1. What order, most packed first, do the peptides 324-333, 651-660 have when packing is the mean number of other Cβ atoms within 10 Å of each residue?
2. Please list, or write none, the aspartates and glutamates whose alpha carbon is within less than 17 Å of the alpha carbon of residue 448, excluding same-chain residues fewer than 8 places away.
3. Give the span of region 458-555's Cα atoms along each principal axis, as three whole-Å numbers ordered largest to smallest.
4. What is the Å³ per residue value for the convex hull set by the Cα atoms of region 335-421?
5. At a probe radius of 1.4 Å, what is the per-residue accessible area of residue 377, in Å² to the nearest 10?
6. Counting only residues 5 or more places away or on other chains, whose amide H sits under 5 Å from the amide H of residue 707 once H atoms are built in the peptide plane?
7. Given the -39500 (n - 2.57) contribution per DSSP H run of 4+ residues, what per-residue ellipticity at 222 nm results for the chain, rounded to the nearest 500 deg cm²/dmol?
8. Which value, in nm² and rounded to one decimal, describes the direction-averaged projected area of the C-alpha convex hull of region 15-78?
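The values are calculated or read from the model by the stated rules, or taken from the named source; none is laboratory data. In this text, all values refer to a predicted model and were calculated from it rather than measured experimentally. A quick note on method: Cβ atoms are made from the backbone with ideal geometry, for glycine too, and the neighbour counts reach across all protein chains shown. Heavy atoms of the whole protein, side chains included, go into the accessibility calculation; ligands, DNA and RNA do not. Shrake-Rupley method; radii C 1.70, N 1.55, O 1.52, S 1.80 Å.
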Amino acid sequence: MSTKPEIEPLGVSTRGGSPLDVTTIDRAADAAARQIPPVWPIASYVAVNPFLGQTTQSLAEVGARLGRVGAIPVCMPRAWYRERIGNGTITQADLAAALEASPHAGKPGDVAALTAAAAEAAPAQPTLPTVADLAAAASGTDWPGLIADRFGAWAGGYFDRGQALWAAPRGRNTWSAFRAYATHDLTPEIMGLDGFAAFVAEAPESAAAAITRAANRLGLGEAALDTYFHQLLLSLGGWAQFARYELWRAELLGEADATITDLLAIRLLWEEALFCRHEAAILDRWQSVRADHATPVAPQAAGIVDEVLQEAAERAAQRALGEALAAPPPACEEARPALQAAFCIDVRSEIFRRSLEAVDPAIRTLGFAGFFGVFAKHRRFASDVEELRLPVLLNPTVSSCSGHADEAPDDLATRYAARARRAWGRFKLAAVSSFAFVEAMGPVYVAKLVREALGLSAMAAPNDPTPRFDPDLDLATRITAAETVLRAMSLTRGFARVVVLAGHGANVVNNPHASGLHCGACGGYSGEVNARLLALLLNDRPTRAGLAARGIEVPADTLFVGALHDTTTDTITLYDRDAAAADHASDLAQARRWFAAAGKAARGERVARLPRASAEDDIPSRARDWAEVRPEWALAGCKAFIAAPRARTLGRSLKGRAFLHDYDWHQDSAHGFGVLELIMTAPVVVASWISLQYYGSTVAPQTFGSGNKLLHNVVGGIGVFEGNGGLMRAGLPWQSVHDGEAYAHEPLRLSVCIEAPREAMNDILARHDGVRALFDHRWLHLFAMDDDGRLAHRYTGDLNWEAVAMPAAAPHALDAVA
């Protein structure tokens, strides 16, 4: 290898126009960063809208952008729509309505033209190459693959959160840390990029200066920066998304973070180096690419057709939902309920709630966001780690911990045991001791391996001591918090003797994405802590006295009990030891019997969708099976969000595909529709993230999915590789949306159905631009329900509505929702 660098380390070439200034480039870099969706670490993984940076554009416009920067589809293949048109799922009326609603001038002229377009495969949209792509074509070396490999090797250490035994040095910013690493990495030079280490060493000290120099050397005009910078960040996969998460968290705290723009500088450094090395061979093509990047993004004819077909598929599902909601509701007694159980709005709760209500007609269930209005920063027993158990859109307002002062000896013993386990684990994995450990201690683990391989080990539910607010809340704060939550739940009268507050979680093994099965509203943690804290608050006698003064009379014999719904096995754990429950022993015993019966019925319904399961008692063993890649379907199939009194959906089978939030606008109107605003700006947005995460992982699994579970390796304690290196993958695994033969998730944008006056919803949309953009650009559909629970009006954008003509329910309408 030559000792003379082949890359000029200094100097700027301004091919293509005058040099761009730092301010212009900084603005473009920040805009590109916000095109990237964040990804949360796998310890607290939550679903994220992969189109988060594009919600002010239509689906066709986003398709044109993502097609340019990465050949990323935003709709299903045409064959998927043709099949549904052919079998009558999508009717001619659905196609006509979708076509009429399309705002694009270039849409097909009529339904016949739309159907003809659907009969043909969509043409491939050419993706613009990066400099690395052009250099690869010129040299025969896979530079994009090499960049992914070397970048992943560095990023896995730099972003590590405790997985690595030898941690990377701390104290440098991202740009400086990469430069320190790359000056000693000879792989690029071995592969033919002579002088790369010296080029990195002589790069500008600041990332902003490096971005500016590279952009000018590459001859980029201001108009080209938008999609080119977006493309480079997108090429870094999950690493860029994790950096976007760092920015998201910083901004929630009122701070700044430059990690993602530092990553852009790193990626541009590679582009600049490869351009200098291969300029003669690629210049003509690169000039053409620059010009294409400078062209404004506009929806293409094929993308408009796909958008209309997607809209038609969604209108077909909405028609079936409307028919189900139009069916006459069952009679509902006004007597005091035998049991009330509040569940998370999660779609998995719909099956269990329906099964529980079927056990005894005197049981009432409610739906509410699973964090139960408790915005907690929580420390588990014998831990100093602060877990943010609240929606990731918000900051915590209270702190809590598990255990009391009299449990200090147990706390200390648990900490010692945890430290011993960590030390033993590091000894097993250390560079030298690991070899001797396998030889000497392997036989000791035989029984454990056999027991766990056969799924014989017990899987206990979370069982920390009673949580408490730390510091405790004063009485006025407790009363206000309790009133706010009860009004948000529309639970202000008719209390049962026992009211169960059931958070949810999933108990599975050998699953890096296990936290993604937990409660998204609880920040990717199970929801029992929030439920127990709320039960503690509502059982407090002074708090109840304060509630009575505010018009909410909770009977003296009402007991609130925190609980956990295990969504994998459909079992309920009651935390009745948190309260003085002696007077309710028989009520709780009966509640446990009801929950057991409901769980059996719910498993019996769910088993039909699960591969290789034939009976309800097959389900618990799947949760303990190391090799099971589909212990449950989580939220696959979600398609609707309904905020209305439970009477509107009572007795209707929504097949575990609807988020159900109890809401009574008549109560809320007396308080200025504050609960409606909360629903539309928090639970609806969280549900949209979930829905669009599943949508993106289905229509574009290579970009917005994390690939094959069987190939996953955890990297840095924050994400997964698909294989042993390269780019970190973000999004849902393929097995979460596909059963091996067919899709388990039908990619449809969420239909939000709210029983409330349209004027009140318009007022909220007018004050929340981000939420309004989701509906105006049809990332979500919005319907107003009438007082009979029927879908009466559809939101058409710009604060306008149109009446919905729904046919009378057919006898089989409930099954049509499936």
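1. On the way: 324-333: 14.8, 651-660: 22.4.
Highest-to-lowest ranking by the protection proxy: 651-660, 324-333.
2. Leaving aside aspartates and glutamates fewer than 8 places away in the same chain, those within reach of residue 448 are 439, 625.
3. Computed over region 458-555, the largest-to-smallest principal extents equal 51, 30, 23 Å.
4. 177
5. Looks like 60 Å² after rounding.
6. Result for residue 707 returns 734.
7. On the way: 31 runs with 365 residues, N = 818.
When only DSSP H runs of four or more count, the value is -14000 deg cm²/dmol.
8. On the way: hull surface 28.9 nm².
Averaged projected hull area, Cα only: 7.2 nm².
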